[in-house]
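The values are calculated or read from the model by the stated rules, or taken from the named source; none is laboratory data. Keep in mind that what you see is a predicted model, and the values were worked out from it rather than measured. No Cβ is skipped: glycine too gets one built from the backbone with ideal geometry, and neighbour counts run over all protein chains shown.
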Amino acid sequence: METKKITRVSLSLFFFFLSLNLVLGGVPVSPNRTTVTFDIGVILDLDTLEGKKASTSISIALSDFYITHSNYKTRLVLHTRDSKQNVVGAASAALYLVKNVEVQAIIGPITSAQANFVVDLGNKSQVPIVSFSATSPSLSFARTPYFVRTTLNDSSQVRAIAAIVEAFGWKSVVPVYEDTDYGNDLLPYLNDALQEIDAQIPYMSVVPLLATGDQILKELAKLMTMQTRVFIMHMSPSLASRLFLKAAELGMMSIEYSWIITDGLSNLLSSMNSSVIGSMQGVLGIRPYFPKSKELDHFKVIWRRKYLQENLNIETANPSVFDLWAYDTVWALAMAAEKVGRKDSDFLKPKTSDIPSNLGALGVSQIGPKLIKAVLESKFKGLSGEFILVDGQLQSLAFEILNVAGNGGREIGFWTPASGISRRLKVSSTNRYSTSKANLGNITWPGESSIAPKGWVIPKNGTLRVGVPVIKGFGSELVAVNRNTTTNLISVTGYCIDVFKAVMEKLPYSISYEFVPFQNVSGSIAGNYNDLIYQVFLQNYDAVVGDITIIANRSLYVDFALPFTESGVSMVVPVKGDERKNAWIFLKPLTMELWFATGAFVVFIGFVVWILEHRVNDEFRGAPSHHLGMIFWFSFLTLVFALREKVVSNLARFVVIIWIFVVLIITSSYTANLTSMLTAQRLQPTVTNVKDLLQNREYVGCQKGSFVVELLKSLNFEESFIRFYDSPQDFDKGFSLGSKNGGFAAAFDEIPYIDLILARKYCAKYTKVGPSYRTGGFGFAFQKGSMLVPDISRAVLNVTEGLNFSKMKEKWFGNQTSCPDLITTDSSTSLTLDSFWGLFVIAGVSSLSALLIFVALFYYDHRDIWRQINPENSLWQKIVIMGRHFDTKVDNEAPGTPNVEVTSNEASPNNNAPNVEATSIEASPNNNAPESSPSNSSHTGGNFSPLEDQHTLADQIS
């Protein structure tokens, strides 16, 4: 034992003299080498723990650097000044160092508030201000080009904090921060990060930096009255220590609470008092990750020994990450100084006559621009990891997530921008981003619980106060408040109540609740539904359950969970009887317009076919009455595909083929529609659309007190034409009276109410018609920002998608499948002309085309007759003459064979030769035309000469 004790003493003495030699003696310099001093200012709060620790780190860094770099020609000389823990002292120290000492750079100051003043002096004198602890986002290299941050920007941690919030599903957090630039500057960045994960900030707790104990207690008591139980603390260690001690006194470090501290506190946990650490058990925090190394372990040993030597009254201490950054800052400046070197005169002094004040007497550093550039280009492996500056500030690859347990914080995971939360450090950009809490180690929560808090509670007595409407008569199946006259106890039943109870059972935690009727002293409802919703906004109720429709203006005052009923407002009208008993139902498949169009085309097609077949087909010849009968006979036979007459002409065949195609489609559609009408019960609505009601100035009905009144007004219904009903019986009575006798022709109501009315006993008398006017459906209302809403919405989905939901609905609404098939469309089921106009166009164009071709060919074959008609004859006389030729039977129409016109329909019994009738045209009304030449008696184009018998035809015309 004595040997071991002597050995420990010997080692202690060895390290003591080694450290003393490094600090006091410095590095031996070769007598042949000349060194150049480089003045550097240091501004620290020397009376604070952080200032003393930083001073130790800076001193060790300077010694270590020149031991390692003994060949450097430059050597930093530190000039330390105390900032007296205020911005004035920091500014005064900086002014002294720049004006009197003419330092080339300043390390510090400690706080962001002090740095805000000092950086202006640095910009004016071109002296770089390099701070290892000023983390405020308001300080930036872009705004102050001579400010370098060798620590992390506070805004770099907000995504890591948001990832923790998202991992545990917390949807509401309250920032607790000090009322300084350090505290305030983080809030905009934190708010943006939380918005990205849909987390709300219902309240921001601001605590003065010098707050008394009573002020802290008052603010914490206010937090206890809120539902949110997740707090993000961002403040200096001194204020945070006092606040955690008070929070522990009030019981705010118990099971239901969650606390997250930012890196400003996490980095200094090792410096906090043990009583403060004891009050912080279960707190989560983040801090920059720095890799372990032999150099770091050696530094910690040297640092503790030197710090204890310089501060004899302190029992123990450990370097924080700020002390590591202070160490690396000295190395970066020493490297930059060697790179830049130094001139004989480094400061340019202003002229004496131009000095209006002490600030005006400041010189301007000539090597400042080069020095700041050299510092920004620094890149080496320091104690805190890779030292890389981007945009004038240090970059971090990862944050360590810690849990305060025991004597300090223990690591439970990591966060990186690429991978999110992980149990082991992952820096590869190929990893998938994750915010799963399963990636974290075991966590001890406040109250020594192993179960993560849900992040919110029901305030006051812990029982959810649920307001319900008092409904009498109409809608009692949805919500009914019943009072036992004997015990005076209230029971609430109904479809909405059953759904709410089922939803509460689906929650992953248990919540007690009580129903509170919204009624006055007389037992009636104490207002309309908007008044009931407003009671939630006034926090008289925590929630409202019932037939509450989700509409826009109500969502301004409350938050709704997902709807549990079908949404929309629809129109209800009486129905007509079964149309299968109608004697004229065979006319229903087609509209009147389609019937007329079909009939007109039947006659037109018959006429066209007669024209095309009259000259060549004996079936289409005869007396005039026979012609008319043939036109109708032939056309109507096409409707039933029972043609008996042979069609000879190719043009007629073309027309008939097209027409038969049209007839096939029309008859098939007619048959299908008639079959549907005859095989299914069809209850037709008496009114099909809102336009008919407005045009006929009909009265309409709606439920009393419903928001549907405003909807009807928006549809241009006058308020005087709106009548109300209170019960299903009033609903039926209104339709029975009718619009002209104090009732209404149609009723508008929400779909759940309509289903309730129709399912009970009126499904055979009324039906829904027209479009549905969309609403949000029935939903449960909660206070704005209530943490219950997301969980309730998920539970609603689980209930409505479950098997028991249909049974629940059938219990209160009945079996709706027993109702007959109702027509719910706003249009007739008859086929309209719009469905077939394309077919009629095809038939009409083809028929007219065939007719025009026939007329053209006929004129071409008889063009000589037209030319030889007396010009003095009227147009009608010319048409009659051509009509006589048209009426003439053509015996043969084969191509290349003359067409022989005959006047008799009888053929010769022996040789089938036709009886040829020669015709002639009179030259003038007085029959003085000369005899035709022999050449005119020959056939032209297959026709007989029109001049063979002028006298006979002239007599017929006259």
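Residue-by-condition table, conditions (1) in contact with a Ser or Thr (Cβ under 6 Å, 6 or more places away or on another chain); (2) farther than 23 Å from residue 57 by Cβ:
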| position | (1), (2) |
| --- | --- |
| 239 | no, yes |
| 266 | no, no |
| 270 | no, no |
| 273 | no, no |
| 284 | no, yes |
| 296 | no, no |
| 310 | no, no |
| 318 | yes, no |
| 324 | yes, no |
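Taking the residues in the range 562-594 that are part of a helix (DSSP H, G or I) and more than 30 Å from residue 694 (Cα to Cα) as candidates, determine which candidate is modelled with the lowest pLDDT. Step through it out loud before you land on a result.
Our first condition is that a residue be part of a helix (DSSP H, G or I); within the range 562-594, this holds for 579-581, 585-587, 592-594.
If we keep only those that are more than 30 Å from residue 694 (Cα to Cα) as well, we get 580-581, 586.
Values: 580: 50, 581: 56, 586: 69.
Only one residue fits best here, namely 580.
Note on the range 296-323: residues that are among the charged types (D, E, K, R), closer than 24 Å to residue 413 by Cα and surrounded by fewer than 18 Cβ atoms within 10 Å (Cβ to Cβ) total 2.
Out of all the residues in the range 486-502, is one or more out of contact with any strand residue (DSSP E or B) (no Cβ under 7 Å at 6 or more places or on another chain), modelled with pLDDT of 90 or more and farther than 19 Å from residue 464 by Cβ? Break it down into steps so the answer makes sense when it comes.
Taking the range 486-502 and keeping what is out of contact with any strand residue (DSSP E or B) (no Cβ under 7 Å at 6 or more places or on another chain), we get 486-489, 495, 497-502.
Retained after the next criterion (residues that are modelled with pLDDT of 90 or more): 495, 497-502.
Now drop any that are not farther than 19 Å from residue 464 by Cβ, which leaves 495.
Yes.
Scanning the range 429-439 turns up one or more residues that are modelled with pLDDT of 90 or more and either of a type in the set (A, V, I, L, M) or touching a Phe, Trp or Tyr at 6+ places or on another chain (Cβ under 8 Å) (or both). The single residue among 200, 215 that is surrounded by fewer than 22 Cβ atoms within 10 Å (Cβ to Cβ) and in contact with a Gly (Cβ under 7 Å, 6 or more places away or on another chain) turns out to be 200. Mind checking which residues of the range 770-779 are surrounded by 21 or more Cβ atoms within 10 Å (Cβ to Cβ) and either part of a strand (DSSP E or B) or in contact with a helix residue (DSSP H, G or I) (Cβ under 6 Å, 6 or more places away or on another chain) (or both)? Result: 770, 778. Would the range 43-61 turn up any residue that is crowded, with 17+ Cβ neighbours inside 10 Å, in contact (Cβ under 8 Å) with a residue 40 or more places away in the chain and either outside the structural domain of residue 325 (by TED's automatic domain parsing) or over 59 Å from the mean Cα position of the chain (by Cα) (or both)? No, that holds for no residue. Of all the criteria given as (1) under 59 Å from the mean Cα position of the chain (by Cα); (2) modelled with pLDDT of 90 or more; (3) not in a loop (DSSP other than H, G, I, E, B), the one not satisfied by residue 77 is (1).
Only a single item in (1) in contact (Cβ under 8 Å) with a residue 12 or more places away in the chain; (2) in a helix (DSSP H, G or I) is not met by residue 290, and it is number (2). Residues of the range 503-527 being of a type in the set (A, V, I, L, M) and modelled with pLDDT of 90 or more, which ones? Result: 503, 504, 516. Residues that are over 17 Å from residue 371 (Cα atoms), polar (S, T, N, Q) and buried (at least 18 other Cβ atoms within 10 Å of the Cβ) within the range 93-117 comprise 111, 112, 114, 116, listed in sequence order.
Every residue, every condition in (1) under 21 Å from residue 785 (Cα atoms); (2) outside the structural domain of residue 86 (by TED's automatic domain parsing); (3) among the aromatic types (Phe, Trp, Tyr); (4) within 33 Å of the chain's Cα centre (by Cα), yes or no:
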residue	(1), (2), (3), (4)
184	no, yes, no, yes
187	yes, yes, no, yes
196	yes, yes, no, yes
203	yes, yes, yes, yes
206	yes, yes, no, no
211	no, yes, no, no
218	no, yes, no, no
222	yes, yes, no, no
227	yes, yes, no, yes
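For the range 501-511, the criterion of a residue being surrounded by fewer than 18 Cβ atoms within 10 Å (Cβ to Cβ), free of Cβ contacts under 8 Å to residues at least 60 places away in the same chain and of a type in the set (S, T, N, Q) is satisfied by at least one position. Suppose the filter is of a type in the set (A, V, I, L, M), assigned to a loop (DSSP other than H, G, I, E, B) and more than 30 Å from residue 738 (Cα to Cα); does residue 552 pass it? In short, yes.
Tell me, yes or no, whether the range 281-292 has at least one residue that is of a type in the set (S, T, N, Q), within 15 Å of residue 236 (Cα to Cα) and modelled with pLDDT of 90 or more. Checking the range 281-292: not a single residue is of a type in the set (S, T, N, Q), within 15 Å of residue 236 (Cα to Cα) and modelled with pLDDT of 90 or more.
Return yes or no: is residue 514 under 30 Å from residue 674 (Cα atoms) and either in contact (Cβ under 8 Å) with a residue 12 or more places away in the chain or within 27 Å of the chain's Cα centre (by Cα) (or both)? The answer is no for residue 514. Among residues that are polar (S, T, N, Q) and at pLDDT below 90, residue 55 is not included.
When the helices (runs of 4 or more DSSP H) confined to the range 671-767 are screened for residues that are modelled with pLDDT under 85 and under 27 Å from residue 809 (Cα atoms), those reaching at least 3 such residues are found at 751-757. Going residue by residue through the range 422-432, is there one that turns out to be in the same structural domain as residue 258 (by TED's automatic domain parsing) and touching a Leu at 6+ places or on another chain (Cβ under 8 Å)? Scanning the range 422-432 turns up at least one residue that is in the same structural domain as residue 258 (by TED's automatic domain parsing) and touching a Leu at 6+ places or on another chain (Cβ under 8 Å). Just one of (1) assigned to a helix (DSSP H, G or I); (2) out of contact with any strand residue (DSSP E or B) (no Cβ under 8 Å at 6 or more places or on another chain) fails for residue 521. It is (1).
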